[in-house]
1. Here are some residues: 20, 42, 48. Which one is surrounded by 10 or more Cβ atoms within 10 Å (Cβ to Cβ) and not β-branched (Val, Ile, Thr)?
2. Only one of these is hydrophobic (A, V, I, L, M, F, W, C), in a strand (DSSP E or B) and in contact with a Ser or Thr (Cβ under 8 Å, 6 or more places away or on another chain): 33, 44. Name it.
3. Looking at the range 7-28, can you tell me whether even one residue there is of a type in the set (S, T, N, Q), out of contact with any strand residue (DSSP E or B) (no Cβ under 8 Å at 6 or more places or on another chain), without any contact (Cβ under 8 Å) to a residue 60 or more places away in the chain and assigned to a loop (DSSP other than H, G, I, E, B)?
Amino acid sequence: MTLEEQDGLNLTTNIVNCDPADVRIGMPVTVVFEQVEDVWLPLFEPSPARA
């Protein structure tokens, strides 16, 4: 995933709350956090306003 706010910064992450067949390159996503013990992991889900 490439962050829109910082060109050239790529992030390896998981897309959640979405069927894997629906994931596309360039798909707008929103960050969500999942707590695992004392660590919060950034995950991403499709943006509600996606086209």
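1. 42 is the lone residue from the list that is surrounded by 10 or more Cβ atoms within 10 Å (Cβ to Cβ) and not β-branched (Val, Ile, Thr).
2. Among 33, 44, only 44 is hydrophobic (A, V, I, L, M, F, W, C), in a strand (DSSP E or B) and in contact with a Ser or Thr (Cβ under 8 Å, 6 or more places away or on another chain).
3. Yes, that holds for at least one residue.
Readers should treat all values here as calculations from the given coordinates under stated rules, not as data from a laboratory. Keep in mind that this is a model prediction, so the values were computed, not measured. Methodologically, a virtual Cβ is constructed for each residue, glycine included, from the backbone with ideal geometry; neighbour enumeration extends over all protein chains shown.
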